[in-house]
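FYI, it's all coordinate maths here, none of it is from the lab. Please read these numbers as outputs of a predicted model, since none were measured by experiment. Heads up, the Cβs are rebuilt from the backbone with ideal geometry, glycines too, and the neighbour counts pull from every protein chain shown.
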Amino acid sequence: MSTRGATHLWATGLSKIAHELAPPSAPLEQQMSVFLMVENFTTLVNILGVCSWAWSSYTTSMESYRRKEEALLKLYNAITGLNFTINDFHDAIERIILIERAENARYGIRRKDDTLPERFLKEPLRGYETIHPLYMNLDKRLDIYYIL
């Protein structure tokens, strides 16, 4: 669902928090809400030009996630002289993601392109009897993602 294609830079260390907040057994709606949280934080880090690995890899709890979000906000306001709120950041992130998706749509990228390689969807990972739970129900996950 990345607007720039497959990349490890969009989740990195936040995967641990995401797994704790929404394990594979959690309802899909909960999993996708957590996915959006990760997508938003990563977008925030990227638009501010901060190293995404350093900021996400050492984010080990929701408390540290919120502290980092606040730190980025304080840095941004100090540098620009503006007085943004967290909600302003979240609004900007939503606009950025929507604009990126709109630009992709302009070039012909559609829902069918929001997928994984066939191998991920059909072959079990080592140690699993079936495909990885996160790769199951991809169409339903997309439905929820687009609604959210």
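Structure notes:
- Ordering of 114-125, 68-79 by burial proxy (mean other Cβ atoms within 10 Å per residue, highest first): 68-79, 114-125
- HIS132-ILE147 pseudo-label distance in nm [points 7 Å out on the Cα-to-Cβ vector]: 2.5
- Spin-label pair ARG66-TRP53: with each label point 7 Å from Cα along the Cα-Cβ axis, the two points sit 3.0 nm from one another.
- Build a GNM of the chain with springs between Cα atoms under 10 Å apart, and of GLY81, GLY108, GLY127 the one that fluctuates most is GLY127.
- The stretch between GLU100 and ASP139, if pulled fully straight at 0.36 nm per residue, gains 11.9 nm over its current Cα-Cα span.
- Estimated [θ] at 222 nm from DSSP helical runs (n ≥ 4, -39500 (n - 2.57)) normalised by residues in the chain, nearest 500: -19000 deg cm²/dmol
- For the chain, the residue among SER25, ILE97, SER2 whose Cα projects farthest onto the positive side of the dipole built from Cβ charges is SER2.
- When both region 102-143 and region 70-96 are represented by their alpha-carbon centers, they are found 32 Å apart.
- In the chain, one over the average inverse separation of all distinct C-alpha pairs is 16.7 Å, which is the Kirkwood hydrodynamic radius.
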